[in-house]
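Pasting a structure below so you can have a look.
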Amino acid sequence: MIVGNTVLYGATAGRAFFRGLAGERFAVRNSGAVAVVEGVGDHGCEYMTGGRVVVLGRTGRNFAAGMSGGMAYVYDVDRGFEGRCNLELVELEGLTEADAAEVRALITEHVGRTGSLVGRNLLASWGRAQERFVKVVPLDYRRVLVEEAERKAREAGTELSAA
């Protein structure tokens, strides 16, 4: 373990890259920080409201409990992540092309800042590795994103018809 419990608790901004494992309650109440870590203990991303977290390895149990915002991307190394994720307020899905580009860029930055062998190995086998990533999407956050997209589409339609 490289960092202990409650790292990034309540973080509002910034970027953090950890070459190693984090303890329990990593990024709890994160509301704006971006982080890459190689594994987390129990209760990762609990009550998260914003930001981005990329986990390049195993998580403990109860990941994403109470998560209402932000996004997490987990490399499901053992294909057992779904059983360790609290699915009350989130859905799991694969990466879109945009997600894959964002995750790859964050892993590249992680490798550049930390020299991570885990990150280097994922990048070297990116074609296969990206298929193992799981996107953790809070239901409330998805609803807000959909509403925002619909609002923008209505505004664009209004502007086009007014022109």
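The values are calculated or read from the model by the stated rules, or taken from the named source; none is laboratory data. Note that the coordinates shown come from a computational prediction; the quantities given were computed from them, not determined experimentally. We place every Cβ from the backbone using ideal geometry, glycine too, and count neighbours over all the protein chains shown. With ligands, DNA and RNA removed, areas are computed over all heavy atoms of the protein, side chains included. Shrake-Rupley method; radii C 1.70, N 1.55, O 1.52, S 1.80 Å.
Could you tell me whether Leu123 is over 25 Å from Arg25 (Cβ atoms), open to solvent by 20 Å² or more (accessible area, probe 1.4 Å), in contact with a helix residue (DSSP H, G or I) (Cβ under 7 Å, 6 or more places away or on another chain) and without any contact (Cβ under 8 Å) to a residue 40 or more places away in the chain? Spell out how you get there, then give the answer.
Numbers: over 25 Å from Arg25 (Cβ atoms): yes; open to solvent by 20 Å² or more (accessible area, probe 1.4 Å): yes; in contact with a helix residue (DSSP H, G or I) (Cβ under 7 Å, 6 or more places away or on another chain): yes; without any contact (Cβ under 8 Å) to a residue 40 or more places away in the chain: yes.
Considered against the rule, which asks whether it is over 25 Å from Arg25 (Cβ atoms), open to solvent by 20 Å² or more (accessible area, probe 1.4 Å), in contact with a helix residue (DSSP H, G or I) (Cβ under 7 Å, 6 or more places away or on another chain) and without any contact (Cβ under 8 Å) to a residue 40 or more places away in the chain, Leu123 comes out as yes.
Please count how many residues of region 72-81 are open to solvent by 10 Å² or more (accessible area, probe 1.4 Å) and within 11 Å of the chain's Cα centre (by Cα). Step through it out loud before you land on a result.
Quick first cut of region 72-81, residues open to solvent by 10 Å² or more (accessible area, probe 1.4 Å) only: 75-80.
With within 11 Å of the chain's Cα centre (by Cα) added as a condition, the list becomes 75.
Total meeting the criteria: 1.
Filter region 1-36 for residues that are farther than 18 Å from Met67 by Cα and of a type in the set (Val, Ile, Thr) and give the result.
Ile2, Val3 - these are the residues of region 1-36 that are farther than 18 Å from Met67 by Cα and of a type in the set (Val, Ile, Thr).
Please verify whether Arg128 is farther than 24 Å from Val3 by Cβ, in contact (Cβ under 8 Å) with a residue 24 or more places away in the chain, open to solvent by 80 Å² or more (accessible area, probe 1.4 Å) and over 15 Å from the mean Cα position of the chain (by Cα), treating the condition exactly as stated.
Values: farther than 24 Å from Val3 by Cβ: yes; in contact (Cβ under 8 Å) with a residue 24 or more places away in the chain: no; open to solvent by 80 Å² or more (accessible area, probe 1.4 Å): yes; over 15 Å from the mean Cα position of the chain (by Cα): yes.
When the stated conditions are applied, Arg128 does not pass them.
Any idea which residue in region 83-105 is most open to solvent (accessible area, probe 1.4 Å), counting only those that are within 18 Å of Arg128 (Cβ to Cβ) and aliphatic (A, V, I, L, M)?
Ala101
Can you confirm whether Leu160 is over 20 Å from Val77 (Cβ atoms), open to solvent by 70 Å² or more (accessible area, probe 1.4 Å) and at pLDDT below 95? Reasoning before the result, please.
Details: over 20 Å from Val77 (Cβ atoms): yes; open to solvent by 70 Å² or more (accessible area, probe 1.4 Å): yes; at pLDDT below 95: yes.
Spelling it out, Leu160 is indeed over 20 Å from Val77 (Cβ atoms), open to solvent by 70 Å² or more (accessible area, probe 1.4 Å) and at pLDDT below 95.
For the structure I just gave you, tell me whether Arg143 is basic (Lys, Arg) and surrounded by 13 or more Cβ atoms within 10 Å (Cβ to Cβ). Walk me through it before giving the result.
Numbers: basic (Lys, Arg): yes; surrounded by 13 or more Cβ atoms within 10 Å (Cβ to Cβ): no.
The answer is no for Arg143.
Separate question: Is there any pair linking a residue in region 56-77 that is more than 20 Å from Ser31 (Cβ to Cβ) to one that is among the acidic types (Asp, Glu) and crowded, with 19+ Cβ neighbours inside 10 Å, with Cβ under 8 Å and at least six apart or on different chains, and which?
Leu56/Glu38; Gly57/Glu38
Moving on. For region 18-40, name all the residues that are open to solvent by less than 20 Å² (accessible area, probe 1.4 Å) and within 20 Å of Thr114 (Cβ to Cβ). Can you show your working first?
Going through region 18-40, the residues open to solvent by less than 20 Å² (accessible area, probe 1.4 Å) turn out to be 20, 22-23, 26-28, 30, 33, 35-37, 39-40.
Matches in region 18-40: Gly20, Ala22, Gly23, Phe26, Ala27, Asn30, Ala33, Ala35, Val36, Val37, Gly39, Val40.
Would you check if Gly44 is under 21 Å from Arg113 (Cβ atoms), at pLDDT 95 or above and not in a loop (DSSP other than H, G, I, E, B)?
On the way: under 21 Å from Arg113 (Cβ atoms): yes; at pLDDT 95 or above: yes; not in a loop (DSSP other than H, G, I, E, B): no.
So Gly44 does not fit the description; no.
Kindly evaluate Thr59 against the criterion of being under 24 Å from Arg142 (Cβ atoms), hydroxyl-bearing (Ser, Thr, Tyr) and open to solvent by 40 Å² or more (accessible area, probe 1.4 Å).
Details: under 24 Å from Arg142 (Cβ atoms): yes; hydroxyl-bearing (Ser, Thr, Tyr): yes; open to solvent by 40 Å² or more (accessible area, probe 1.4 Å): no.
It is false that Thr59 is under 24 Å from Arg142 (Cβ atoms), hydroxyl-bearing (Ser, Thr, Tyr) and open to solvent by 40 Å² or more (accessible area, probe 1.4 Å).
Given the condition surrounded by 23 or more Cβ atoms within 10 Å (Cβ to Cβ), more than 16 Å from Arg58 (Cα to Cα), of a type in the set (A, V, I, L, M) and touching a residue at least 24 places away in the same chain (Cβ under 8 Å), answer yes or no: does some residue in region 8-17 qualify? Working first, answer last.
Here is the first cut: in region 8-17, the residues surrounded by 23 or more Cβ atoms within 10 Å (Cβ to Cβ) are 8.
Checking the rest, the ones that are also more than 16 Å from Arg58 (Cα to Cα) come to 8.
Okay, now just the ones that are also of a type in the set (A, V, I, L, M), so 8.
Within this subset, residues satisfying the condition of being touching a residue at least 24 places away in the same chain (Cβ under 8 Å) are 8.
Within region 8-17 (the criterion being surrounded by 23 or more Cβ atoms within 10 Å (Cβ to Cβ), more than 16 Å from Arg58 (Cα to Cα), of a type in the set (A, V, I, L, M) and touching a residue at least 24 places away in the same chain (Cβ under 8 Å)), the answer is yes, since at least one residue qualifies.
Residues that are closer than 18 Å to Leu8 by Cβ and in contact with a strand residue (DSSP E or B) (Cβ under 6 Å, 6 or more places away or on another chain): find the helices (runs of 4 or more DSSP H) completely inside region 47-163 holding 2 or more of those.
On the way: elements: 81-84, 97-114, 117-124, 126-129, 139-162.
Per the criteria, 97-114.
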